[in-house]
């Protein structure tokens, strides 16, 4: 049993010490409506959206890297709320159909 423990420690410690972690520092809160890009050395945490309820059976959409995603519906038959959603630097984000704006928390990536 002791040999198994020593073998485990000898294997896991070198592997774990090579892993790098990132530290995130709060930067600002944003409301995104038009196409915007996550800046270099930043990450965005998408928290929620403000919906436009101007009609029945509307799908709420956001656009990530030119791909439209349905994030909700006014008739509550669709419960696809992928939040929080983390977006790395270089990713584009915009409000889509029936979404007024998207609430985002921006973080700076520290080494």
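With a Förster radius of 25 Å applied to the beta-carbon distance between residue 36 and residue 110, the computed FRET efficiency rounds to 0.70.
More than 14 Å apart: what percent of Cα pairs in the range 23-110 qualify? Summing the P(r) tail past 14 Å for the range 23-110 gives 62 percent.
Values in this text are rule-based calculations from the coordinates and carry no lab data. Quick caveat: nothing in here was measured; it's all calculated off a predicted structure. Here the Cβ is made from the backbone with ideal geometry for all residues, glycine too, and neighbour counts use every protein chain on show.
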